[in-house]
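Step one of this worksheet: look at the structure below.
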Amino acid sequence: MAGNNVNYPAVGVLKGSGKGVMAFTLVGGSHFPSAAYVRLDNGKVTGDVHVAGNGKGPEDSFCEYVAFNCAQTDPPAIRPRWGDYGAAVPVGGSVWIASEWTGQTCTFARYQNDFTCGSTRTALANWSTRISLVTP
């Protein structure tokens, strides 16, 4: 997908067939952080990028703010956290995949009245892990 990037891949390959799935987060000019994947066959990508869950808004977590100093630097700086929760596990003839994505968004006005935006986020992060079942 031109103008976009993939990050933090996880690969699951079915035993004996060489077919599998590579899951990742898709980000860029036309995608908020989205759960996506490609199919694999004998170590090669086959077909297009598939979006399992289209991101609904920009990533917004505590590490996006200097006050939390997630970069652990002096002076304080931002350092987004991403990629901790990716996986790909073959089971039978399919692969369970997990990728981080932003499955919600809300306005700042709503957030000020309800830090969970209707129970769709935590007070300090709006990303989550999307789990999908794919047949290679």
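All of the numbers you see were taken from the coordinates with simple rules; none came from a lab. In this text the structure is predicted, and so the values were computed from the model without any measurement. We place every Cβ from the backbone using ideal geometry, glycine too, and count neighbours over all the protein chains shown.
Some observations on this one:
- Per-q log10 I(q)/I(0), the chain, q = 0.11, 0.12, 0.14 Å⁻¹ (Debye; single scatterer per alpha-carbon; no solvent): -0.46, -0.54, -0.69
- Residues in segment 3-17 carry Karplus couplings, in order, of x, 10, 10, 10, 9, 6, x, 9, 10, x, 10, 6, 4, x, 9 Hz; the curve used is 6.51 cos²θ - 1.76 cosθ + 1.60 with θ = phi - 60°, and Gly or Pro positions show x.
- Net charge, Gly18 excluded, C-beta distance under 14 Å - Lys, Arg +1, Asp, Glu -1: +3
- Cβ-placed point charges (K, R +1; D, E -1), dipole of the chain about Cα centre in debye, nearest 20: 380 debye
- Here the simple spin-label model places points 7 Å from the Cα toward Cβ, and for Leu133 and Val51 these points are separated by 2.4 nm.
- Table column - 3J(HN,Hα) (Hz), segment 36-47, Karplus curve with 6.51, -1.76, 1.60, x for Gly and Pro: 9, 7, 10, 8, 10, 9, 6, x, 10, 5, 10, x
- For Lys44, the lysines whose Cα comes closer than 19 Å to its Cα, not counting residues fewer than 8 places off in the same chain, are Lys15, Lys19.
- Helical content alone sets the calculated 222 nm signal of the chain at -1000 deg cm²/dmol, taking -39,500 (n - 2.57) per DSSP H segment of four or more residues and averaging over every residue.
- Residues in segment 111-128 carry Karplus couplings, in order, of 4, 4, 8, 8, 4, 9, 6, x, 6, 9, 7, 8, 5, 10, 7, 10, 8, 8 Hz; the curve used is 6.51 cos²θ - 1.76 cosθ + 1.60 with θ = phi - 60°, and Gly or Pro positions show x.
- Beta-bridge orientation, segment 4-128: approximately 100 percent antiparallel, per DSSP, counting only bridges with both partners inside.
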